[in-house]
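As structure tokens, the structure follows; a few thoughts come after it.
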Amino acid sequence: QVQLVESGGGLVQSGNSLRVSCAASGRTLTSYAMGWFRQAPGKEREFVAGIRWISGSTYYADSVKGRFTISRDNAKNTMYLQMSSLKPEDTAVYYCAARRGVMVVTTTDDYDYWGQGTQVTVSS
């Protein structure tokens, strides 16, 4: 079992930055791929960014490429999402997720563990 806990969400103005964190416990993550997803009201949960834990290879949705950076800290078993140049359309609940295997995928059904989510609100 892997437990995931997100933190760091909040209210920010458009154009500003925010970092959200995902602390993992229960297992070492070297054989997992991790992802950040988000869900806005009335919309489906969507892939934002992913990382192969063992290699650090990263993947991004086109909508956030160049603005968001995903990273991980092996020693802390924690994943981060640094969000810059935030826009009102980035407003959503942000979830971290883990899946067994090293491949990052963009579909929610392929992830085995989820955090409870953290709200990010970007005001215009």
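The values are calculated or read from the model by the stated rules, or taken from the named source; none is laboratory data. Note that this is a predicted model, so its numbers are computed, not measured. As a convention, Cβ positions derive from the backbone with ideal geometry for all residues, glycine included, and neighbour counts pool all protein chains shown. The protein model used for the area step is the full one, side chains on, heavy atoms only, and it has no ligands, DNA or RNA in it. Shrake-Rupley method; radii C 1.70, N 1.55, O 1.52, S 1.80 Å.
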If I take R0 = 22 Å and measure r between the Cβ atoms of Asn74 and Met103 in this structure, what FRET efficiency does the formula 1/(1 + (r/R0)^6) give, to the nearest 0.05? 0.70
So how exposed is Arg27, as accessible area in Å² (1.4 Å probe, rounded to 10)? 120
Hull surface over four for the Cα convex hull of the chain, reported in nm², is 6.7
Quick P(r) readout (region 62-102; Cα-Cα; 10 Å bins; whole %) gives 21, 51, 26, 3
Residues of region 1-38 with backbone N under 20 Å of the label point set 7 Å from the Cα of Lys87 along Cα→Cβ are 10-20, 36-38
Rounded to the nearest Å, the spacing of the alpha-carbon centers of region 64-96 and region 100-124 is 11
Two-site FRET efficiency, Leu11 against Ala61, from Cβ-Cβ distance with R₀ of 22 Å, rounded to 0.05: 0.45
Which lysines have a Cα less than 19 Å from the Cα of Lys87, not counting those fewer than 8 places away in the same chain? Lys43, Lys65
